[in-house]
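Structure first, then comments.
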Amino acid sequence: MSDAESRRQALVEVYNQASICERCPLSETRNRVVFGAGNADADLMFVGEAPGAEEDRQGLPFVGRAGGFLTELLEGIGLRREDVFIANVLKCRPPGNRDPQPEEIDSCRPYLEKQVELIHPKVIGTLGNFSTKLLTANPTGITKVRGTPQEHLIGGRFVHLLPLFHPAAGLRTPRVAEQLREDFRQIPDLLAQPFPEPVMRGGSAGEAEEPPVLRSVDREVEPDQMGLFGG
């Protein structure tokens, strides 16, 4: 079995665990767990906030109007949804689409970290405030950091991280939609870069005792579950 196939099998096992998860009260109100879907060997991964009503019904991420806009944004840079993996911070829909609660985020975080570890993306696009704040470990709002590539250690992997507005915000505000198109145009260049390396204090990676320093890159300008994870 190839490494990619073994990671894909492991991802299905994590899905099976998540599908019966009762770590938080959302398990009592969900219809279906929305684990994520796409290419399990993708170089590009997107992380949104939480499933909505249609996602909860279908068990798939980004299948509503925001998902349609995400597909359009990908096509604008020559990619298809089948080329990427899409997940959310929460795997279950919060009642009434309310904001995720801290305990819910903490309960779901191990699943997301395991997804990053197994998929091993080179680039993660965080869609909106919740995923950006969680994965950057920084409370700064999305408006201030959108479009500014960063490098972070997530799920045991160093990745390029690109904070992005949520596509739903682009549907509401034409200016945000244009900013999303602008920021998406950075993705091909990030994908062409090698995996980021940790910057260590006090010597080489083998000798350093302090944790890695995460670098920010400045912007110049402002079913069958195996089928869900197909290559």
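Observations on the model:
- Close contacts from the range 153-170, counting a first residue that is open to solvent by 30 Å² or more (accessible area, probe 1.4 Å) and a second that is part of a strand (DSSP E or B) and acidic (Asp, Glu), with Cβ to Cβ under 8 Å and a gap of 6+ residues or different chains, come to 158/151.
- Condition met for residue 214 (open to solvent by 70 Å² or more (accessible area, probe 1.4 Å) and at pLDDT below 95): yes
- Of the residues contained in the range 72-84, none is found to be touching a helix residue (DSSP H, G or I) at 6+ places or on another chain (Cβ under 6 Å), buried (at least 24 other Cβ atoms within 10 Å of the Cβ) and among the aliphatic types (A, V, I, L, M).
- Members of the range 54-68 that are touching a Phe, Trp or Tyr at 6+ places or on another chain (Cβ under 9 Å), assigned to a helix (DSSP H, G or I) and either at pLDDT below 95 or crowded, with 18+ Cβ neighbours inside 10 Å (or both): 55
- Residue list for the range 26-46, filter: surrounded by 14 or more Cβ atoms within 10 Å (Cβ to Cβ) and either over 21 Å from residue 66 (Cβ atoms) or aliphatic (A, V, I, L, M) (or both): 26, 27, 33, 34, 37, 40, 41, 42, 43, 44, 45
The values are calculated or read from the model by the stated rules, or taken from the named source; none is laboratory data. Fair warning: this is a prediction, and the values are worked out from it, not measured in the lab. As a convention, Cβ positions derive from the backbone with ideal geometry for all residues, glycine included, and neighbour counts pool all protein chains shown. All accessible areas refer to the heavy atoms of the entire protein, side chains included, with ligands and DNA or RNA removed. Shrake-Rupley method; radii C 1.70, N 1.55, O 1.52, S 1.80 Å.
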